[in-house]
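Here's the structure we're looking at; comments come further down.
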Amino acid sequence: MATTNKMRLHWSPRSPFVRKVMIAAHELGLADQIETTRTRVATNQVHKGLLSDNPLGKIPTLILTDGTILYDSVVICEYLDSIAAKPKLFPPSGPARFKALRRHALGTGYLDMLLTWRNEASRTAPNPGMIEGSELKHAATIKALEAEALSLAQDDFGIGHIAIACALSYLDFRFDALQWRDGNPELSAWHAAAVARPSFMATTVVDD
Ligand SMILES: N[C@@H](CCC(=O)N[C@@H](CS)C(=O)NCC(=O)O)C(=O)O
C-alpha cells in the first residue's frame, strides 16, 4: 500500500464505535491527521472491499501512514493515545489504568450488546430469551453506571468516560423508548457534561 501523510479510517456517521475513535482523536489533538473513508457495513451484508483491510468486515478500521492496519476500536484508541502528546486518555499504570480499562470494556461491551439487541429485535421472529436477556443486561448496566456516576465525574476524563458516554448517546440515537435518564439523575448530569465537550459536539451520530 502506498505511503500517505494521513491515517485513513473506514468510517460511518452512524457507528458508535467509529465515534468513540473520533472522539479520542479530537481529545488527543489528532483528528486532523485522520482522513475518513465512508464505508457502509451491515451485519447482514458484507462489505467485500473492506475484507482485505479487516477480514472481520467491521468498522472502525484504521490504516496507518506506512500501511499498517489496526482494528478494532479498542486497539485504535490505544494506538492513538500512544502517539499523542499529552493529554493522555489511558492512565499509564496502577489502579487508575485498570479502572479506565474496565470502563472502556463496559462502554464498548454495552455497545456490542445494544447492537446485537437491535439486530435481534428487527427480525421477524425475535428470540424471546435474547430480548429478555438484553433488557436485563441494559437495566443492570444503567444501574451500575448510576452508582458510578459521581466517581466518573471526579476522575480525570479518559477512555472509559468516552466509551460510556458514547454508549449512553447510542441509547438516545437508537433506543429512545427506553428513556434511560428516568430515575438516574447522577448519570444524566454526568452524560450532559460529557457530551458538551467539543470532541462530542464534533462527532454527533447521524443517519445518512
Ligand atoms: N468490537 C468492535 C465492534 C465494531 C462493530 O461492530 N462495528 C459495526 C458498525 S457500528 C460493524 O462494523 N458492523 C458490521 C458487521 O458486524 O459485519 C469495535 O470495537 O470496533
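Odds and ends about this structure:
- Residue list for the stretch 4-26, filter: open to solvent by 40 Å² or more (accessible area, probe 1.4 Å) and either more than 10 Å from the ligand (Cβ to nearest atom) or under 19 Å from Gly109 (Cβ atoms) (or both): Thr4, Asn5, Lys6, Arg8, Trp11, His26
- Residue check: Leu111 meets all listed conditions (1) within 16 Å of the ligand (Cβ to nearest atom); (2) in a helix (DSSP H, G or I); (3) open to solvent by 30 Å² or more (accessible area, probe 1.4 Å); (4) out of contact with any Ser or Thr (no Cβ under 8 Å at 6 or more places or on another chain) but one, namely (3).
- Of the residues making up the stretch 42-53, those that are out of contact with any strand residue (DSSP E or B) (no Cβ under 8 Å at 6 or more places or on another chain) and of a type outside the set (Ser, Thr, Tyr) are Ala42, Asn44, Gln45, Val46, His47, Lys48, Gly49, Leu51.
- Taken as a whole, the condition of being open to solvent by 50 Å² or more (accessible area, probe 1.4 Å), of a type in the set (S, T, N, Q) and near the ligand (Cβ under 8 Å from one of its atoms) does not apply to Thr65.
- Residue pairs meeting the criteria (Cβ under 6 Å; at least 6 apart or on separate chains; first in contact (Cβ under 8 Å) with a residue 40 or more places away in the chain and in a helix (DSSP H, G or I), in the stretch 129-150; second open to solvent by less than 90 Å² (accessible area, probe 1.4 Å) and among the hydrophobic types (A, V, I, L, M, F, W, C)): Ile142/Trp180; Leu145/Leu187; Glu146/Leu187; Ala149/Leu187; Ala149/Trp190
- Just one of (1) of a type in the set (Ser, Thr, Tyr); (2) under 18 Å from the mean Cα position of the chain (by Cα); (3) part of a loop (DSSP other than H, G, I, E, B) fails for Tyr170. It is (3).
- Residue check for Lys88: open to solvent by 70 Å² or more (accessible area, probe 1.4 Å) and farther than 21 Å from Val206 by Cα: yes
- Checked against the criterion of being closer than 26 Å to Asp81 by Cβ and under 20 Å from the mean Cα position of the chain (by Cα), the candidates His138, His191 yield just one match: His191.
- Considering each residue of the stretch 73-85 in turn, at least one proves to be in contact with a Pro (Cβ under 9 Å, 6 or more places away or on another chain) and within 16 Å of the ligand (Cβ to nearest atom).
- Per the conditions (1) within 20 Å of the chain's Cα centre (by Cα); (2) at pLDDT below 95, the sole criterion not satisfied by Lys86 is (1).
- Residues satisfying the stated conditions in the stretch 76-106, i.e. outside any helix (DSSP H, G or I) and of a type outside the set (Gly, Ala, Ser): Lys86, Pro87, Lys88, Leu89, Phe90, Pro91, Pro92
The values are calculated or read from the model by the stated rules, or taken from the named source; none is laboratory data. Treat the numbers as computed from the prediction; the structure is a model and nothing was measured. Positions of Cβ are generated from backbone atoms using ideal geometry, with glycine treated the same way; all protein chains shown enter the neighbour counts. Calculation scope for accessible area: heavy atoms of the full protein, side chains included, ligands and nucleic acids excluded. Shrake-Rupley method; radii C 1.70, N 1.55, O 1.52, S 1.80 Å.
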